[in-house]
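Encoded as C-alpha cells, the structure appears first; notes follow it.
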Amino acid sequence: MAVVKSVISVLETVNNTLDRIGASVAWVLVALMVSSILLQVVCRYVFNAALPWPEEVARALMIWMMALVAGQAYRKGMFVSIDMIFNYLSPKVAQVIRILLLVIAFAVLIQLFSIALEFFDRGFRTRAASFPLKRAWIYLAMPVCFGTMLLANLEMFLKALTHKEEGAIAAQAGES
C-alpha cells in the first residue's frame with residue numbers, strides 16, 4: 001500500500017507539472033493562432049492578397065493546444081461524461097464500474113498512443129502544404145496528447161484502487 005501511495009504521489013507531481021506547463025504553453029499557442037487568423041483576415045480583406053500559410057499554421061497550433069491540455073482535462077473530469085448513473089448505484093458497485101471504465105480507457109489509450117507513434121513516424125515522409133515543416137512535428141501532438149492522458153488515467157486508476165482498499169480496510173476495522 002505504501003508503494004502504491006508513493007507511485008500515486010510521483011504521478012501527481014508529474015501530472016501537476018505537465019498540467020502547468022501544458023496550460024501555459026497552450027495560452028501562447030492560442031494567442032499565436034488568433035494572431036495568425038487575424039493576419040489572414042487583414043491580408044485578405046484589407047490588402048486583397050491572401051497568404052498561403054496562416055490557415056495551416058492556425059490548424060497546427062490548435063492541434064497542439066488541444067494536445068497539451070487534454071491530459072489535464074481528462075484528469076479533472078472535464079470531458080463530456082454521463083455520470084448520473086452513479087447516483088443510483090451502491091458505492092461499491094459504482095467503484096467497480098469506475099475501475100472497469102478506467103481499465104477500458106487505459107486499453108484504448110494504449111492503442112491510440114501506438115497509432116499516434118505510427119502517424120508521427122510517417123509524418124517525416126511529407127511536409128506541410130504551405131510552409132517547409134515536416135508533418136511529423138504537427139503529428140507529434142497526438143503521442144503527447146495520448147501520453148499525458150495515459151499518465152492521468154494511471155493516476156486515476158491507482159487512486160480508485162486505493163480508495164477501494166481504504167474503504168475495505170475501514171469496513172473490516174468496523175466489523176472487528
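The values are calculated or read from the model by the stated rules, or taken from the named source; none is laboratory data. This structure is a prediction, so every number in the text was calculated from the model and none was measured. A quick note on method: Cβ atoms are made from the backbone with ideal geometry, for glycine too, and the neighbour counts reach across all protein chains shown. Keep in mind that these areas ignore ligands, DNA and RNA; they rest on the heavy atoms of the full protein, side chains included. Shrake-Rupley method; radii C 1.70, N 1.55, O 1.52, S 1.80 Å.
Net charge dipole, the chain: roughly 440 debye, given to the nearest 20, about the Cα centre with Cβ charges of +1 for Lys and Arg and -1 for Asp and Glu.
Basic side chains Lys and Arg get +1 at the Cβ, acidic Asp and Glu get -1 at the Cβ, and with that the dipole of region 5-75 about its Cα centre reaches some 120 debye.
Here each label is just a point 7 Å from Cα along the line to Cβ, and for Cys43 and Ser81 those points are 4.3 nm apart.
First measure r as the distance between the Cβ atoms of Thr162 and Val25, then evaluate 1/(1 + (r/R0)^6) with R0 = 45 Å and state the FRET efficiency to the nearest 0.05. Walk me through the intermediate numbers first.
On the way: r = 31 Å, r/R0 = 0.70.
Calculated value: 0.90.
Amide H contacts of Arg127 (H built 1.01 Å from N, in plane; Pro and chain starts excluded): Arg135 sit under 5 Å, all sequence-distant by 5 or more or on other chains.
Working out 0.36 nm times the residue gap between Trp53 and Glu118, then minus their Cα-Cα distance, what length gain in nm do you get to one decimal?
Once the chain is fully extended between Trp53 and Glu118, it gains 20.8 nm.
With Cβ to Cβ distances under 14 Å as the rule, what net charge do the other residues near Gly22 carry (K, R +1; D, E -1)? Before the final figure, lay out the partial values.
Numbers: positive: Arg20, Arg75, Lys76; negative: Asp19.
Here the charged neighbours net out to +2.
The charge dipole of region 48-114, taken about its Cα centre with unit charges on the Cβ of Lys, Arg, Asp and Glu (plus for the first two, minus for the last two), comes to roughly 340 debye. Taking all protein chains together and rolling a 1.4 Å probe, Ser81 ends up with roughly 80 Å² accessible.
Take every pair of alpha-carbon atoms less than 8 Å apart whose residues are at least six positions apart; their mean separation over the length of region 14-119 yields a relative contact order of 27 percent. By accessible area, using a 1.4 Å probe on protein heavy atoms only, the chain has 71% of its surface on carbon and sulfur.
Of the chymotrypsin sites (Phe, Trp or Tyr not before Pro) found in region 36-111, those that fall in a DSSP loop while having at most 10 other beta-carbon atoms within 10 Å are Phe47, Phe79.
At a threshold of 8 angstrom on Cα-Cα distance, excluding pairs fewer than six apart, so keeping six or more, what relative contact order does region 39-173 reach in percent? Walk me through the numbers on the way to the answer.
Details: 118 pairs, mean separation 43.6, N = 135.
Across region 39-173, relative contact order equals 32 percent.
May I ask you to list the trypsin sites (Lys or Arg not before Pro) in region 26-102 that are in a DSSP loop and have at most 11 other Cβ atoms within 10 Å of their Cβ?
Working: sites: Arg44, Arg59, Arg75, Lys76, Lys92, Arg98; in loops: Lys76.
Counting only loop positions with at most 11 other Cβ atoms within 10 Å, the trypsin sites (Lys or Arg not before Pro) in region 26-102 are Lys76.
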